[in-house]
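No value in this document is a laboratory result; all are computed from the given coordinates. Note that the structure is a prediction, hence the values are computed from the model and not measured. Reconstructed Cβ throughout: ideal geometry from the backbone, glycine too, with neighbour counts over all protein chains shown.
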Amino acid sequence: MKIKNFKMPTWFIEEELCHKISISYDGESKRAYDLLDILFSKYCKIDRRRKVNSVEVTEEEYQTWYKYFLEYYIDDSSMYAGSKQYKESKKLLNKMFKFFGVSSFSEDHRAGSKIKFAMSLVKAGVTADKISQTEH
């Protein structure tokens, strides 16, 4: 399994990543929750006096959580467009993608993938009326 240390701003760890690991997620495996505990323990060990900290990230952590966490800030319909969270997430996700590659983890069960599907229908102008018309 691949492992790499990534430099992350302390504010991003404290304000964004710590928030993400404290949320309850539906339909996740026991292993996914174990990984949240592991991430939490890593975040507790950072030096809060420093502006940047190095955090060890495993491929499993990247595939299961980091990709999901970071894509939240850079989604096309995100309210974070152009924000410091957007910029940091994009930069960090690009570094992780270069090292770990394309994620093979299925996120179909996650709320974000369901919202993306619904948003694509809205953007395409597909409504319940149009769907029922094609069924008849």
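Protection proxy ranking for 3-14, 39-50, using the average of other Cβ atoms within 10 Å per residue and placing the highest first: 3-14, 39-50. Averaging Cα coordinates gives a centre for region 14-49 and one for region 51-65; these two points are 11 Å apart.
Can you give me the relative contact order of region 1-86 as a percent, contacts being Cα pairs under 8 Å and 6 or more apart? Please report the intermediate quantities before stating the final value.
Working: 71 pairs, mean separation 35.6, N = 86.
Relative contact order for region 1-86 comes out at 41 percent.
Taking 0.36 nm per intervening residue step and subtracting the Cα-Cα distance, what contour gain separates C44 from Y80 on full extension? Present the calculation step by step, with values, prior to reporting the outcome.
Working: separation 36, 0.36 × 36 = 12.96 nm, distance 2.57 nm.
Length gained between C44 and Y80: 10.4 nm.
Given R0 = 22 Å, the distance between the Cβ atoms of S54 and H19 translates into a calculated FRET efficiency of 0.60.
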